[in-house]
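Here the structure comes first, spelled out in structure tokens, and everything after it is commentary.
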Amino acid sequence: MITLVLGGNKSGKSDFALDQLASAQGPALFIATGKARDLEFREQIRQHRVSRAPGLEVVEVAEDLPQSLGRAKKDFRAVVVDSLDYWLFSCREAGCEEDKVKEFLDVLDDWNDTALILVSCEAGLGPLPGGSEVRAFIRSLGALNRRAAEAADRVYLVAAGLPLTLKQD
């Protein structure tokens, strides 16, 4: 079962994903993709850590998300990835976006019974950014979200803390 949770910044998508994880049976894993690059983001990561269940195992990844998911589905009954947008940014910055996205989509295509909850920003709802780098990233993220939604059994859009069901197989 794959669930995709989309939403804007601070929309409540991570809280919703954690609620979904709490209802899963068996050992669970939280895969964090964000790396603090400034004090504000460091504080946001700290707040996320404090809000998670104390016994929840956490793994921090960079571009190696596909490999981490491959290992996780062997040992865990439920996995949250928070978030695809930051992971994609890391891959883009490392110059390996195309290869890593393909690896990630291959993992999704071969997913098993482990509950997988993916969190990602839906960044394409605002005005078109003026800079070409930002536009390219938004387009790549939109394409990744679309492919993840195709693979997902359930897709939610969280706005103002309220989940809206977009897809439910």
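The values are calculated or read from the model by the stated rules, or taken from the named source; none is laboratory data. Fair warning: this is a prediction, and the values are worked out from it, not measured in the lab. Positions of Cβ are generated from backbone atoms using ideal geometry, with glycine treated the same way; all protein chains shown enter the neighbour counts.
Select, from A115, A123, the only residue that is hydrophobic (A, V, I, L, M, F, W, C), in contact with a helix residue (DSSP H, G or I) (Cβ under 7 Å, 6 or more places away or on another chain), crowded, with 17+ Cβ neighbours inside 10 Å and within 30 Å of A22 (Cβ to Cβ). So that I can check it myself, show each step before the final result.
Working: A115 fails: in contact with a helix residue (DSSP H, G or I) (Cβ under 7 Å, 6 or more places away or on another chain).
Checking each option against the conditions leaves just A123.
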Determine the pairs where a residue that is of a type in the set (D, E, K, R), located within the range 119-138, has a partner that is surrounded by 12 or more Cβ atoms within 10 Å (Cβ to Cβ) with Cβ atoms under 7 Å apart, the partner being 6 or more residues away or on another chain. E122/L6; E122/G7; E122/G8; E122/N145; E122/L157; R135/P129
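Quick one: would you say A123 is under 19 Å from V158 (Cβ atoms) and either out of contact with any Leu (no Cβ under 7 Å at 6 or more places or on another chain) or at pLDDT 95 or above (or both)? Before the answer, list the steps.
On the way: under 19 Å from V158 (Cβ atoms): yes; either out of contact with any Leu (no Cβ under 7 Å at 6 or more places or on another chain) or at pLDDT 95 or above (or both): no.
Considered against the rule, which asks whether it is under 19 Å from V158 (Cβ atoms) and either out of contact with any Leu (no Cβ under 7 Å at 6 or more places or on another chain) or at pLDDT 95 or above (or both), A123 comes out as no.
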Restricting attention to the range 148-169, report how many residues are of a type outside the set (A, V, I, L, M, F, W, C), buried (at least 17 other Cβ atoms within 10 Å of the Cβ) and within 19 Å of V107 (Cβ to Cβ). 1
Pairs only if they're at least six apart or on different chains, beta carbon under 6 angstrom, first in the range 44-69 and under 17 Å from D85 (Cβ atoms) and surrounded by 14 or more Cβ atoms within 10 Å (Cβ to Cβ), second basic (K, R) and at pLDDT 75 or above; list them, first residue then second. E63/K100
When the residues of the range 26-43 are narrowed to those that are modelled with pLDDT under 85 and in a loop (DSSP other than H, G, I, E, B), which ends up surrounded by the most Cβ atoms within 10 Å (Cβ to Cβ)? G34
Of (1) surrounded by 12 or more Cβ atoms within 10 Å (Cβ to Cβ); (2) under 25 Å from F137 (Cβ atoms); (3) at pLDDT 90 or above, E98 fails just (1)
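Criterion first (crowded, with 18+ Cβ neighbours inside 10 Å, at pLDDT below 95 and either polar (S, T, N, Q) or touching a Leu at 6+ places or on another chain (Cβ under 9 Å) (or both)) does S83 satisfy it?
It is true that S83 is crowded, with 18+ Cβ neighbours inside 10 Å, at pLDDT below 95 and either polar (S, T, N, Q) or touching a Leu at 6+ places or on another chain (Cβ under 9 Å) (or both).
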